[in-house]
Amino acid sequence: MEIQFIKMHGNGNDFILIDEFEKGVIPDEMKGQFAALYCDRRFGIGADGVLYFSKSAKNSAKMRLFQPDESEAEMCGNGIRCLVKYAYDNGYLKESCTVETLGGDMSVAMGYRGDEFFATITMPAPKFDRKDIPATGEGEYREKIGDFEVHGVNTGVPHAVIVIKSLDGVDVAGVAPAIRDHASFPKGANVNFVQKIGEDSISIRTFERGVEEETLSCGTGAVAAAAVAYKLGLAGPTVHVETKGGLLTIYLAEGAKMEGPAVTVFSGSISF
């Protein structure tokens with residue numbers, strides 16, 4: 001079976017996209033297995049996840065994301081930007097649309113600035129209550145885990161946010177798993193280490209649940225980090241977030257919006 005795919009990235013957070021708009025390509029029961037096989041960077045194509053682009057019964061399009069551990073993520077901000085770029089470039093969608101995800105319906109405004117494609121995603125409003133993250137206990141999540149003070153927030157998926165003085169020398173891969181798997185997060189959590197670098201600017205490093213390693217960028221993580229920074233008075237309602245893969249701008253005055261680029265890397269076919 002010959003399968004066409006597109007390789008894309010949003011600030012270095014990279015994906016394999018499979019177009020299922022007209023018909024299914026990978027059976028649902030095999031989508032996770034396909035992701036585990038082809039996200040491998042040595043024996044597969046290499047990616048942080050596989051995006052499945054399809055029709056929606058109620059919206060412009062639907063996105064599903066399967067990760068290297070075969071799990072299905074609720075949503076992904078960088079992934080949506082990649083998905084809508086593909087759809088825009090191929091005539092499926094126009095400058096504005098709504099994308100259905102497991103994490104809710106996401107409104108999108110998009111287009112080119114010169115040669116660069118940008119999209120602004122209306123993200124889920126940050127939720128700080130433990131029952132919404134989800135996390136054990138009651139009230140807002142603020143706990144000491146090991147040496148870190150951890151803030152919990154859901155921005156489409158669960159996130160743990162740790163504000164520190166400097167990101168230099170942080171052993172993300174070494175310390176994040178204990179927080180990601182902490183008993184207070186029954187579904188696990190992405191783990192974000194955040195440093196204030198300017199009046200309305202922060203820098204972030206993220207360990208992603210499902211990928212199980214640090215990624216170059218995480219859209220929902222950028223929103224989570226910005227929301228915590230804003231809540232703590234470390235930034236205003238417009239926050240510039242420097243990820244390892246580039247800049248994202250988060251707008252928090254009314255709910256949450258994320259603005260950033262998406263890039264098509266290459267296309268190809270595989271035998272499956």
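Please work out if Arg142 is outside the structural domain of Ala227 (by TED's automatic domain parsing), basic (Lys, Arg) and surrounded by fewer than 21 Cβ atoms within 10 Å (Cβ to Cβ). Steps first, answer last, please.
Numbers: outside the structural domain of Ala227 (by TED's automatic domain parsing): no; basic (Lys, Arg): yes; surrounded by fewer than 21 Cβ atoms within 10 Å (Cβ to Cβ): yes.
Criteria not met by Arg142.
Check every one of the strands (runs of 3 or more DSSP E) wholly within the stretch 135-181 and list those with 1 or more residues that are out of contact with any Phe, Trp or Tyr (no Cβ under 7 Å at 6 or more places or on another chain) and under 21 Å from Asn78 (Cβ atoms). Steps first, answer last, please.
Values: elements: 142-145, 148-154, 158-163.
The strands (runs of 3 or more DSSP E) meeting that bar are 148-154, 158-163.
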So, in the stretch 249-272, of the ones that are over 18 Å from the mean Cα position of the chain (by Cα) and not in a loop (DSSP other than H, G, I, E, B), which residue ends up nearest to Lys127 (Cα to Cα)?
Val265
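Run down Val163, Val170, Val157 and say which single residue is in the same structural domain as Val223 (by TED's automatic domain parsing), touching a Leu at 6+ places or on another chain (Cβ under 9 Å) and among the aliphatic types (A, V, I, L, M). Break it down into steps so the answer makes sense when it comes.
Working: Val170 fails: touching a Leu at 6+ places or on another chain (Cβ under 9 Å); Val157 fails: touching a Leu at 6+ places or on another chain (Cβ under 9 Å).
Val163 is the lone residue from the list that is in the same structural domain as Val223 (by TED's automatic domain parsing), touching a Leu at 6+ places or on another chain (Cβ under 9 Å) and among the aliphatic types (A, V, I, L, M).
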Could you check how many residues of the stretch 167-211 are surrounded by fewer than 20 Cβ atoms within 10 Å (Cβ to Cβ), out of contact with any His (no Cβ under 8 Å at 6 or more places or on another chain), within 20 Å of Asn13 (Cβ to Cβ) and of a type in the set (Ser, Thr, Tyr)?
1
Within the bounds of the stretch 202-218, is there any residue that is of a type in the set (Lys, Arg), in contact (Cβ under 8 Å) with a residue 12 or more places away in the chain, more than 28 Å from Ala109 (Cα to Cα) and not assigned by TED's automatic domain parsing to the domain that holds Gly10?
no
How many residues of the stretch 49-80 are among the acidic types (Asp, Glu) and touching a Leu at 6+ places or on another chain (Cβ under 9 Å)? The answer is 2
Please give the number of the condition Ser203 fails out of (1) farther than 28 Å from Phe66 by Cβ; (2) under 17 Å from the mean Cα position of the chain (by Cα); (3) outside any strand (DSSP E or B).
(3)
Within the stretch 1-39, can you find the residues that are in a helix (DSSP H, G or I) and either over 22 Å from the mean Cα position of the chain (by Cα) or not charged (D, E, K, R) (or both)?
Glu29, Met30, Gly32, Gln33, Phe34, Ala35, Ala36, Leu37, Tyr38
If a residue must be closer than 26 Å to Leu102 by Cβ and hydrophobic (A, V, I, L, M, F, W, C), how many such residues does the stretch 173-187 contain?
4
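The values are calculated or read from the model by the stated rules, or taken from the named source; none is laboratory data. Just so you know, these numbers come straight off a predicted model, no measurement behind them. We place every Cβ from the backbone using ideal geometry, glycine too, and count neighbours over all the protein chains shown.
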